[in-house]
1. Taking the condition under 23 Å from Trp209 (Cβ atoms), in contact with a Cys (Cβ under 9 Å, 6 or more places away or on another chain), at pLDDT below 95 and not acidic (Asp, Glu), does Lys65 pass?
2. Do you know which residues across region 126-151 are surrounded by fewer than 17 Cβ atoms within 10 Å (Cβ to Cβ) and either outside any loop (DSSP other than H, G, I, E, B) or assigned by TED's automatic domain parsing to the domain that holds Ser46 (or both)?
3. If we scan region 162-171, do we find a residue that is in a loop (DSSP other than H, G, I, E, B), in contact with a strand residue (DSSP E or B) (Cβ under 7 Å, 6 or more places away or on another chain) and exposed (fewer than 14 other Cβ atoms within 10 Å of the Cβ)?
4. Restricting the search to region 75-98, which residues are touching a Ser or Thr at 6+ places or on another chain (Cβ under 6 Å) and not in a loop (DSSP other than H, G, I, E, B)?
5. From the set of residues in region 172-208 that are surrounded by fewer than 19 Cβ atoms within 10 Å (Cβ to Cβ) and touching a Leu at 6+ places or on another chain (Cβ under 6 Å), which is nearest to Val44 (Cα to Cα)?
6. Free of Cβ contacts under 8 Å to residues at least 40 places away in the same chain and either more than 27 Å from Leu45 (Cβ to Cβ) or among the basic types (Lys, Arg) (or both), is that true of Arg139?
7. Only one of Lys193, Lys189, Lys226 is closer than 11 Å to Ala30 by Cα and of a type in the set (Lys, Arg); which?
8. So in region 67-116, with the set limited to residues that are of a type in the set (Lys, Arg) and loosely packed, with under 15 Cβ neighbours inside 10 Å, which one is nearest to Glu233 (Cα to Cα)?
Amino acid sequence: MRPCVVMAVVIAGLTGCASPEPAAPGVPVAGTILYKGERRAAKVLSMEAEEGCQKLHATPVTEEKIVVSAEGSLANAFVYIKKGLENRRFPPATEAVVLEQRGCQFVPRVLALRTGQTLAVKNADPVSHNVHPTPQANRDWNQQQPPGAPDLQRKFAAPEVMIPVKCNVHNWMRSYIGVMEHPYFAVTKADGKFSWPDLPPGQYTLAVWHESLGELTQELTVAPGKPAAVTLEFRD
C-alpha cells in the first residue's frame, strides 16, 4: 500500500537580514489526514477464548485497524514533527497519559507521550490482563494486572515511533505508543484533524504514521505570524 501526499498548503513569509531579533512567537498549524483507498469491511474480533470478555459486549466487536469516516477522514493516525526541532528544548510534561483496558481492548488504540512522562495503565475489566510493550529503543516490560489492581506506572527514556503493545492473555488486544522529546505531536480522532497552537517558525519535516498504512512525510515551512495548514492523504 503506497502512501501519497495530495495537497499541502504551506504559508511562507519574509526573513530579516538586519541585527538579531527576539525569537518569533509560535504559529498555529492545523491539518487533516485522509484515506482514499479501498474501503474494507472491519474484521470481527473473536473473544470466545475468554467468556468474561464476551459478556462485556452485547454486539460483536470489530478490529480498529483502519477507521475512516464517510468523508474519508482517517482516525488513529499519529502526526508529529520528525525533523526540525533537534536543537530546541521544551519543559518536561508532568501530567500522566492514560492507557485503559476496557471491554478487553486497549483504549485508546494509539496514544503518545513525552520522554520521561508517566504512562498510567488502568484495568477497568473484571478479568486479568497482561500489559506487554515491545519497544526497540526502550526497555521491554511485561506486567500482569488483575481486576482492581493499582495503576501500572511506567516511563520511556528514549523517543520511539511506534511501540506496539499487546496483552499476552488476549491476543486480539493491540495498542501503539509514540514517544517524543518535544510536544508537537497528535493522534487524529474521527474527523482526521490535528492542530498545534504555537509551532515555532522554521523548516520542518512533518510525518504521519498509521499501523496499517505506513508512514508519509511532507516538508513544512512555518513563517512568523503566518498560520499554516496542511492536508495529507493515504492511498492504496
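1. Values: under 23 Å from Trp209 (Cβ atoms): yes; in contact with a Cys (Cβ under 9 Å, 6 or more places away or on another chain): no; at pLDDT below 95: yes; not acidic (Asp, Glu): yes.
No: the conditions fail for Lys65.
2. Initially, region 126-151 is screened for residues surrounded by fewer than 17 Cβ atoms within 10 Å (Cβ to Cβ), giving 126, 130, 134, 136-137, 139-144, 146-151.
Listed by number, the residues that qualify are Asn130, Gln143, Gln144.
3. Checked region 162-171: at least one residue is in a loop (DSSP other than H, G, I, E, B), in contact with a strand residue (DSSP E or B) (Cβ under 7 Å, 6 or more places away or on another chain) and exposed (fewer than 14 other Cβ atoms within 10 Å of the Cβ).
4. Lys82, Lys83
5. This residue is Trp172.
6. On the way: free of Cβ contacts under 8 Å to residues at least 40 places away in the same chain: yes; either more than 27 Å from Leu45 (Cβ to Cβ) or among the basic types (Lys, Arg) (or both): yes.
Yes; evaluated as a whole, the condition is true for this residue.
7. On the way: Lys189 fails: closer than 11 Å to Ala30 by Cα; Lys226 fails: closer than 11 Å to Ala30 by Cα.
On inspection, the qualifying residue turns out to be Lys193.
8. First, the residues of region 67-116 that are of a type in the set (Lys, Arg): 82-83, 88-89, 102, 109, 114.
Retained after the next criterion (residues that are loosely packed, with under 15 Cβ neighbours inside 10 Å): 83, 88-89, 102.
Details: Lys83: 20, Arg88: 29, Arg89: 31, Arg102: 31 Å.
Out of the qualifying residues, it is Lys83.
The values are calculated or read from the model by the stated rules, or taken from the named source; none is laboratory data. Since this is a predicted model, take the numbers as computed values, not measurements. Virtual Cβ from ideal backbone geometry, glycine too; neighbours counted across all protein chains shown.
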